[in-house]
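Some notes on the structure that comes next.
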Amino acid sequence: MNARHSTFALTAAVCLLSATTWAKPYRAMVTRTASTTRSGNMELGLRYQGFFALDSDKSLPYHQVSPSIRWGIVDNLEANVYFEVLGLGNPGENNFQLAFGDIPLGVQWTFLEANPFSLGAYGRITFPTGPSDQDAIHPGLSDGTWDYEATLIGELRVSRDLRFMLNASYLHHGTRDRGALPDFDVPDAVQLGVAGTYNIDNATLVGLEVIGRRYFDPVITPAWTNNANQVEIIPVVRREVFPGLVLEAVAGIAVTPDLSDIYQFRVLLGGTYEFDLASGPSLPDDDEPAKRKKSEPKKKPTPARRR
């Protein structure tokens, strides 16, 4: 009986400890997770997004590339900054040009960690360094206005591999300076994001997100005059190709007519690399000799021959 009780206690302890080691990659694509970057770690990222329609003539001629930095300040507190580059027109066309975009700077604090629940808050300010005279640019892109975001983050970790996330956001948009044309005050919006993710294994995550956004006025830009209600479904695929390096790819699908008038689907491609600031980034082959040496079995001594 004592042996059985000891075995049961050991098994329970292993299960409890393994429940706190969450599978990676743990993040969704757009919806924010309550899990922050580890204290002392930095994450470098790069993401592309383009906007398309089944009829290529109706595709938005905008492409955005966004390098990003996220770093853990202390436990459950991280900061992030994005540097956006906007392509105006389509590559290869005569009128194609690049413009420096806005600079969003954000801070996230996860103030409650009580497994399986987590709660956090995210605040962001966007510095208006992008073009503000392009009327067809969606307010979610670099449009050269002072923007603010306040988001409440909830997360339910059902198991080591399955988790659900909820984001409730208030989005304040500033005023576009349109040069010789009258200024345009972009209306504020509320946004709700719901996501479910599942780790097939420690390296592969799949999920589904639904993003709903409602502007306080149907005229969201001078070019989009009846587009206040926007809902998008986003399937998620993320793969950790080696420790710390995660690749991601999705195609967001517009659901409501107010959004599909602007774009029918958008492509999101990117990658992130997280590393310890103290030791710095490491290449995948850096640890291979040590691992190989450690894994090689020791040779048994050759017994002396008998005469």
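Values in this text are rule-based calculations from the coordinates and carry no lab data. Being a predicted model, the structure only gives us computed values, none of them experimental. Please note: Cβ atoms are built from the backbone with ideal geometry, for glycine as well, and neighbour counts cover all protein chains shown.
Worth pointing out:
- Each residue of segment 129-134 was assigned a 3J(HN,Hα) from its phi angle through the Karplus curve 6.51 cos²θ - 1.76 cosθ + 1.60 (θ = phi - 60°); the sequence is 9, x, x, 10, 9, 9 Hz, with glycine and proline shown as x.
- A straight line joining the Cα centroids of segment 55-114 and segment 115-181 runs 11 Å.
- Charge context of residue 67, other residues only, Cβ under 9 angstrom, K/R +1, D/E -1: 0
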